[in-house]
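Below is one structure; the comments refer to it alone.
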């Protein structure tokens, strides 16, 4: 089905390109005017016959987020939700401890990941 649509679009594009008045380009004197005219005609045709596809652009996942870190972040987020429901001192302390330990674990994993890339370069050059 997709091939039929593409073939149909190609044939209609070619027909419309043949019907377009590209002969006017010979009457223009300046090369800049000729390029602008040709560009305008082709842009109009491409905009008319272009297949539009929507896509979602996402960032790739962070390489240092492991399953253990993900679990730790889930526990931290649950603790935050509990603290926000009832503002008790114990839940606040629990959330602070979990938040600090999660942040420390993430920083350590980032450091270890970067060190793993740098170490072979340092010791390989000696």
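Every number here is computed from the coordinates shown, using simple stated rules; none is lab data. Quick caveat, the model's predicted, so the values are computed rather than measured. Cβ atoms come from the backbone with ideal geometry, glycine included; neighbour counts cover every protein chain shown.
Here the peptides 54-61, 43-50, 101-108 are ranked by packing, the mean other Cβ count within 10 Å, and the order with the highest first is 101-108, 43-50, 54-61. The packing ranking of peptides 74-81, 109-116, 25-32, highest mean first, is 74-81, 109-116, 25-32, where packing means the average number of other beta carbon atoms within 10 angstrom of each residue.
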